[in-house]
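Working notes for the structure below.
The values are calculated or read from the model by the stated rules, or taken from the named source; none is laboratory data. In this text the structure is predicted, and so the values were computed from the model without any measurement. Here the Cβ positions follow ideal geometry from the backbone for every residue, glycine too, while neighbour counts run over all protein chains shown.
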Amino acid sequence: MPELPEVQTVVNYIRPILIGEKVKSITPLWPKVFHNFSDRDLQKKINGEKIIEVLRRGKFIVIQFKKVIMAIHLRMTGKVYYLNKNNSISKHTTALFTFESKNQLVFDDVRKFGRLYLYNSLEPLNKCLGPEPLSNDFSLDLFSELLKGRKRNTKALLLDQSILAGLGNIYVDESLWKSGIHPNSISNVIPAFRVKKLYKNIKNILTDAINKNGTTIIDFSVNGESGKYTNDLQIYNRNKLDCFHCKNKITKIRVAGRGTHICLKCQKIYNRKNKNVEPT
DNA sequence: AGGCGTTCCTGGGGGC
DNA sequence: TGCCCCCAGGAACGCC
């Protein structure tokens, strides 16, 4: 499940090679992969155009051209990699980018949820996405306001891309565990010191994960590098194993429709009744 | 407003 | 071994 660190890893990988490339064609091998545009739009707006910049916004990979942007969302199983002489496109390829240099970029997606988007600018993405957790604009005050301004299940809120952009199931579980907050806590009654912890942990965990090329195994055909943050996971995917803090067994529950890993001893539920009670 | 169920997909795991 | 069923999940959407 590519989240912010995994998408950043992909961007770091493809950016230096993509910049300066001119698009010859983009072939949809799965018809639904073009989300909001047609072949004709491509011919008018992308084909022959040069790639100026490649960046990340939330979980989107953004390829910037002079007048338009193409956004790629990997959803759960999407992968982007270069095609070289030694490999062939897999049967799960949903789109194939061909450049005038004859280089080719593959968009591979087993479950076919990933999509390509065409926009005139970043604005449509900015409109539906919250702040970047690693940007300077994302202050503790802003984060506190986001939590206090709503009476919502905390995990659901952190997964909501319009509130905060880039977190997914893995990093929400990790951040909440490290901050001692139960995912079913109500966002507006979490005490300030816990909010501060959560704020710092989100930043630290994401930064750490980026430095280790993320968690999801990314099978690049060129350099074979895979995400090393897998070894650093403290709570995610550790159902029935010992909590690293208190040695209690980790449990798996459902929160906001997602499989959720928690330590019942370390993570405190905050709601109206017990907001002043601290964990033992 | 927010919670919840449904939809999109396929590989893989559990049960028999 | 084989087969069937169901589950995993990010985000959009409709409903309550």
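Before moving on, here are some points about what is shown:
- Scanning region A:138-155 turns up no residue that is at pLDDT below 95 and more than 11 Å from DNA strand B (Cβ to nearest atom).
- Any chance A:Ser90 is in contact (Cβ under 8 Å) with a residue 60 or more places away in the chain and either touching a His at 6+ places or on another chain (Cβ under 7 Å) or of a type outside the set (Lys, Arg) (or both): no
- Tally, over region A:30-85, of residues that are in a loop (DSSP other than H, G, I, E, B), in contact (Cβ under 8 Å) with a residue 12 or more places away in the chain, away from DNA strand C (no atom under 14 Å from the Cβ) and of a type in the set (D, E, K, R): 3
- As a summary of the residue check, A:Asp160 satisfies the conditions (1) within 21 Å of A:Leu264 (Cβ to Cβ); (2) out of contact with any helix residue (DSSP H, G or I) (no Cβ under 7 Å at 6 or more places or on another chain); (3) within 16 Å of DNA strand B (Cβ to nearest atom) except for the one numbered (1).
To keep it simple, each residue is scored yes or no on (1) under 18 Å from A:Lys268 (Cα atoms); (2) assigned to a loop (DSSP other than H, G, I, E, B); (3) modelled with pLDDT of 95 or more; (4) not assigned by TED's automatic domain parsing to the domain that holds A:Val10.
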| position | (1), (2), (3), (4) |
| --- | --- |
| A:Lys203 | no, no, yes, yes |
| A:Ala209 | no, no, no, yes |
| A:Phe220 | no, yes, no, yes |
| A:Asn231 | no, no, no, yes |
| A:Gln234 | yes, yes, no, yes |
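- Filter result for A:Ile19 (within 14 Å of DNA strand C (Cβ to nearest atom), free of Cβ contacts under 8 Å to residues at least 60 places away in the same chain and hydrophobic (A, V, I, L, M, F, W, C)): no
Let's see how each residue does on (1) in contact with a strand residue (DSSP E or B) (Cβ under 6 Å, 6 or more places away or on another chain); (2) within 16 Å of DNA strand B (Cβ to nearest atom); (3) closer than 26 Å to A:Tyr199 by Cα:
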{"residue": "A:Lys59", "(1), (2), (3)": "no, yes, yes"}
{"residue": "A:Ile63", "(1), (2), (3)": "yes, no, no"}
{"residue": "A:Lys66", "(1), (2), (3)": "no, no, no"}
{"residue": "A:Met70", "(1), (2), (3)": "yes, no, no"}
{"residue": "A:His73", "(1), (2), (3)": "yes, yes, yes"}
{"residue": "A:Gly78", "(1), (2), (3)": "yes, yes, no"}
{"residue": "A:Leu96", "(1), (2), (3)": "yes, no, no"}
{"residue": "A:Asp109", "(1), (2), (3)": "yes, yes, no"}
{"residue": "A:Pro124", "(1), (2), (3)": "no, no, no"}
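- When the residues of region A:98-131 are filtered to those that are of a type in the set (D, E, K, R) and surrounded by fewer than 17 Cβ atoms within 10 Å (Cβ to Cβ), the one that is nearest to A:Leu83 (Cα to Cα) is A:Lys102.
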